[in-house]
Structures are given as structure tokens and as C-alpha cells.
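The values are calculated or read from the model by the stated rules, or taken from the named source; none is laboratory data. Here the structure is a predicted model, which is why all the values come from computation and not from measurement. Note that each Cβ is placed from the backbone with ideal geometry, even for glycine, and that neighbours are counted across all protein chains shown. Note: accessible area is taken over every heavy atom of the protein model, side chains too, but ligands, DNA and RNA are not part of it. Shrake-Rupley method; radii C 1.70, N 1.55, O 1.52, S 1.80 Å.
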Amino acid sequence: MRTLFNLVRPEHYGRADVDAILELHGPRVPAELRGRQVLFELKSVTGGRPSISTVRDFGLHHLEKWRDLHWLFGVYGRDRRGDQVLQYCMYGSPLAMSPWFDRMADYMAPDIALAEYVPNLITDATLGAILGPGEEFGRDDARRLMKNQYSGEQYAAAADLDGGRYSRAAMLGLLRERCEYVIRRGSTLNNPHINPAHFDGWERITDDHAARLRELVLDALKERGTGTQGPH
């Protein structure tokens with residue numbers, strides 16, 4: 001898809017990073033947008049219909065990351081020989097994608113509220129039920145709470161007593177943080193799909209892919225002005 005749409009692979013590419021970059025240049029690009037970079041998420045699906053898989057453990061951080069990205073969807077189907085071939089592509093601006101993100105945010109809102117408010121309800125009595133009545137604790141006690149959530153540096157930074165030990169107040173803070181983390185992890189969704197109805201009325205790009213994408217992106221940027229960043 002990067003080749004088809006003449007997009008650039010990010011220099012430091014990784015699974016958690018932006019999939020592709022559209023560099024805006026040329027005489028048809030308005031002067032105020034020339035030299036800008038548009039960040040893209042790329043998705044593809046087989047089966048001939050756009051039921052788009054997203055990601056495992058979909059959470060609030062995905063909403064925050066993806067809302068300002070532009071999207072390209074490639075829909076593949078089988079030809080007469082049974083081979084998968086690209087049937088069409090669709091472009092989604094941040095504005096076009098926002099209804100789906102809004103639905104996901106609304107669905108997750110109660111769990112997110114729990115993660116925000118419940119940790120503050122944890123008291124010293126809760127800590128006592130878990131770790132007992134001690135007045136100070138060691139690294140092993142802290143690891144019982146935080147497990148692999150913390151790095152060694154974070155464990156050291158959280159210790160507030162000599163010898164890398166933890167006061168009762170420090171451990172209560174860790175317990176509250178762990179509670180928030182567990183709730184947020186539990187609030188993630190397992191690969192929610194963008195269903196075909198979301199794409200009703202969307203243009204199907206089948207020819208002149210790169211040129212048509214640039215036209216659509218420029219229209220979207222003029223309408224809303226989001227999803228770009230300056231050149232590196």
C-alpha cells in the first residue's frame with residue numbers, strides 16, 4: 001500500500017509506530033501545506049468486504065494515538081484463480097473516522113471512570129489485608145504489588161526510605177497505582193472491528209491511487225486542518 005500510494009516508510013519503523021507518511025509537495029499543494037507530513041495508519045482485509053480488524057488489547061491509548069491519524073484501508077478478494085487481489089482502497093480522514101472512535105470511547109467510558117475513581121477508595125486497611133501491619137517494606141514486597149509493571153529504575157525511584165525500602169505511605173501509593181493499572185488493562189477490548197456499515201457511502205479508490213489520495217487528503221486538511229506535522 002505504501003508503494004501503491006507513493007507513501008514513505010517511517011525511518012524508525014516498528015509495529016507500534018506510524019505505518020506510513022505522506023509528504024506534501026508540488027505545485028498543486030497550497031503554500032501553507034507544502035512540506036508538511038501526513039501520518040497514516042494502514043489496514044487491509046480479505047474476504048471482499050470492509051470488516052476491519054484493529055488491534056489486540058484496544059484501549060484508551062489507541063484512541064489517543066489514532067484520532068489524529070489519517071487511514072487507508074485495502075480490501076482484498078479472490079480472483080477466478082483463487083488468488084487474493086486488491087479490489088479497492090478507501091481513505092479515512094480524522095473527521096471521517098471520528099464517529100467510530102466516539103462509539104468506542106462511549107463504550108469504554110464506565111471502565112475508564114472506574115480506573116480514575118476506584119484507586120482513591122483504597123485505604124491503609126486494604127494495604128494491611130494484602131501486606132500486613134508492617135511499617136516499612138522491601139523490594140520483594142513492592143514486587144508482589146507491581147510485578148513486571150515497574151522497571152528496576154522505577155522501583156528504586158519509588159523507594160522513600162534508606163536502603164531502597166518503602167514506607168507504608170509509599171506502598172499505599174503503589175497499591176493504588178496497581179489498582180488503576182489492572183482496571184485499565186481489564187477495560188481493553190479484544191480486537192474490535194470497524195464494521196462495514198461505517199464505510200457506507202465512502203469512495204472506493206481503484207485508479208490513480210497516489211494522485212487521488214493527495215486530492216482527498218488536501219480536501220480533508222482544508223476542512224479540518226489536523227493530522228499533519230512539520231518536516232523532520
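Some notes on this structure:
- Scattering profile of region 70-211 at q = 0.11 Å⁻¹ [log10 I(q)/I(0), Debye over alpha-carbon scatterers]: -0.65
- Set of lysines with alpha-carbon distance to residue 43 below 26 Å, sequence-local pairs under 8 removed: 65, 222
- Reciprocal of mean inverse Cα separation for region 1-137 (Kirkwood radius, Å): 18.9
- If R0 is taken as 45 Å, the Cβ-Cβ distance between residue 197 and residue 154 corresponds to a FRET efficiency of 0.55.
- Reducing region 107-184 and region 1-73 to their Cα centroids gives an inter-centroid distance of 38 Å.
- In region 54-119 the Cα-Cα distances spread across 5 Å bins starting at 0 as 3, 14, 18, 18, 14, 11, 9, 7, 3, 2, 1, 0 percent of all pairs.
- Backbone geometry of region 208-219 corresponds, through the Karplus equation with coefficients 6.51, -1.76 and 1.60 at θ = phi - 60°, to 3J(HN,Hα) couplings of 6, 4, 5, 5, 5, 4, 5, 5, 5, 5, 4, 4 Hz, x marking Gly and Pro.
- Nearest 10 degrees, 0 to 90: helix 94-117 Cα axis against the chain principal axis: 10
- Taken over the alpha carbons of region 141-232 as equal point scatterers, the Debye sum produces base-10 log I(q)/I(0) values at 0.17, 0.25 Å⁻¹ of -0.84, -1.26.
- Residues of region 16-60 with an amide N closer than 12 Å to a point placed 7 Å from the Cα of residue 78 along the Cα-to-Cβ direction: 47-48.
- Per residue of the chain, the DSSP helices (runs of n ≥ 4 H) give a summed -39500 (n - 2.57) that works out to -12000 deg cm²/dmol at 222 nm.
- Among the GluC sites (Glu not before Pro) in region 120-155, those located in a DSSP loop and surrounded by at most 11 other Cβ atoms within 10 Å of their own Cβ are 135.
- Radius 15 Å from Cβ of residue 28, net charge of other residues (Lys, Arg +1; Asp, Glu -1): 0
- With all projection directions averaged, the alpha carbon convex hull of region 94-163 covers 7.4 nm².
- Most to least packed among 56-69, 119-132 [average Cβ atoms within 10 Å]: 56-69, 119-132
- Portion, in percent, of the accessible area of region 65-116 that falls on carbon or sulfur, probe 1.4 Å: 52
- All distinct Cα pairs of region 17-90 go into the 1/r average, and the inverse of that average, the Kirkwood radius, is 14.6 Å.
- Residue-normalised accessible area of region 73-232, expressed per residue, 1.4 Å probe, Å²: 58
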